[in-house]
Amino acid sequence: MDRTVAQAMQQVGYLSQMLTAFHGPAWISDGHLSVKFVDAFYEGDTVTAHGALLGTVDHEGRRHLESEVWVENQHGKKTAVGWAHAPAAEQ
């Protein structure tokens, strides 16, 4: 390879930071994330975590919000894709 590949787990950290900002403490205590790494993430790349709310799902008898999540590099190319869910705020 002509460039240094960055750790894939860095992308998980970016996604987790985004999900914590959205869900708050519920993400830390009961959030779930499934990710596939679909392209290389190189040292020096600028990457951004994204998410789109899909709706609610039942998880162990509780209502969770489900999201599609992904990471894109500075060229708009996805480097990681996945799904996440965490408890919905009770009304």
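Below are the figures for this structure:
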read-out	value
Filter pass, residue 82 being touching a Ser or Thr at 6+ places or on another chain (Cβ under 9 Å) and at pLDDT 90 or above	yes
Scan of segment 45-73 for residues that are out of contact with any strand residue (DSSP E or B) (no Cβ under 7 Å at 6 or more places or on another chain) and exposed (fewer than 13 other Cβ atoms within 10 Å of the Cβ), ordered by number	46, 58, 60, 61
Some residue of segment 74-91 being within 22 Å of residue 1 (Cβ to Cβ), open to solvent by less than 40 Å² (accessible area, probe 1.4 Å) and in a loop (DSSP other than H, G, I, E, B)	no
Residue in segment 6-23 that is least open to solvent (accessible area, probe 1.4 Å), counting only those that are of a type in the set (A, V, I, L, M, F, W, C) and touching a Phe, Trp or Tyr at 6+ places or on another chain (Cβ under 6 Å)	19
Test: residue 52 is within 12 Å of the chain's Cα centre (by Cα) and without any contact (Cβ under 8 Å) to a residue 12 or more places away in the chain	no
Selected residue [in a strand (DSSP E or B) and either in contact with a helix residue (DSSP H, G or I) (Cβ under 9 Å, 6 or more places away or on another chain) or within 19 Å of residue 88 (Cβ to Cβ) (or both)] from 16, 67	67
Segment 55-64 - residue that is assigned to a strand (DSSP E or B) and without any contact (Cβ under 8 Å) to a residue 24 or more places away in the chain and, of those, farthest from the chain's Cα centre (by Cα)	58
Residue count, segment 29-44 (criterion: under 15 Å from the mean Cα position of the chain (by Cα), open to solvent by less than 70 Å² (accessible area, probe 1.4 Å) and aliphatic (A, V, I, L, M))	2
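The values are calculated or read from the model by the stated rules, or taken from the named source; none is laboratory data. What you are looking at is a predicted structure, and each value in this text was computed from that prediction instead of being measured. Cβ sites come from the backbone with ideal geometry, for glycine too, and all protein chains shown count toward neighbours. With ligands, DNA and RNA removed, areas are computed over all heavy atoms of the protein, side chains included. Shrake-Rupley method; radii C 1.70, N 1.55, O 1.52, S 1.80 Å.
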